[in-house]
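Here the structure is laid out as structure tokens; the discussion comes afterwards.
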Amino acid sequence: MKPLKVDHVGIAVKSLDEAVKLYTALGLRVSHTETVEDQKVKTAFLPVGETNLELLESTSPDGPVARTIEKRGEGVHHVAICVDNIDEALQAARRAGLTLVDEKPRTGAHGARIAFVHPKSTRGVLLELCEKKH
Ligand code: ZN
């Protein structure tokens, strides 16, 4: 398993429209928007060089992003690392004794295979592992 890059930094926001306005005012542009039903979020990706900001707005008051905002307010939600093989990455995480949110990869934005590692085992960072379609 090889880590490839920081794919994106996820930012939880109350309003995607308002957040997009703010970041585009800084010169960023939206390359992709998508609703991921599974996670109850609307997302917008804004590329910055090799990586992206992923703005996340909950589509439901009981979604994970809404609950995070309730607890901690808006802000950095997760860091996503792209790997060449997510099954091997999950095995390595398991071997290292990390707590997985997802035992098996599921489908995220862009049809990528993703899995989250719990922040309690990563020094407070919700870590997203992702493997893009080749
Ligand atoms: Zn993400």
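For this structure, a couple of remarks:
- Pairs of Lys in region 3-131 closer than 16 Å at Cα, counting only those 8 or more apart or on different chains: 5
- About its Cα centre, the dipole of region 3-131 is roughly 400 debye, where the only charges are +1 on Lys and Arg Cβ and -1 on Asp and Glu Cβ.
- Hypothetical label at Met1: residues of region 48-88 whose amide nitrogen lies under 17 Å (7 Å Cα-Cβ projection): 79-88
- Choice from Arg95, Arg29, Arg106 with maximal GNM fluctuation in the chain (Cα, 10 Å cutoff): Arg95
- Extension gain, Ala92 to Val30, is 19.0 nm, computed as 0.36 nm per intervening residue step minus the present C-alpha separation.
- By the beta-carbon count within 10 Å of each Cβ, the least crowded to most crowded order of Ser121, Ser15, fewest first, is Ser15, Ser121.
- Value of relative contact order over the chain, rounded to a whole percent, pairs C-alpha under 8 Å and six or more apart: 25
- Only DSSP H runs of four or more residues enter the estimate; each adds -39500 (n - 2.57), and after division by the residues of the chain the mean residue ellipticity at 222 nm equals -6500 deg cm²/dmol.
- Part-to-part distance (alpha-carbon centres) for region 1-57 and region 61-94, which is given in Å: 13
- Cα-based equivalent ellipsoid, the chain: semi-axes from gyration tensor eigenvalues, Å: 24, 17, 13
Computed from the coordinates by the stated procedures, all read-outs in this text should not be read as laboratory data. Because the structure is a prediction, the values reported are computed rather than measured. When we count neighbours, we look across all protein chains shown, and the Cβ atoms used for this are built from the backbone with ideal geometry, even at glycine.
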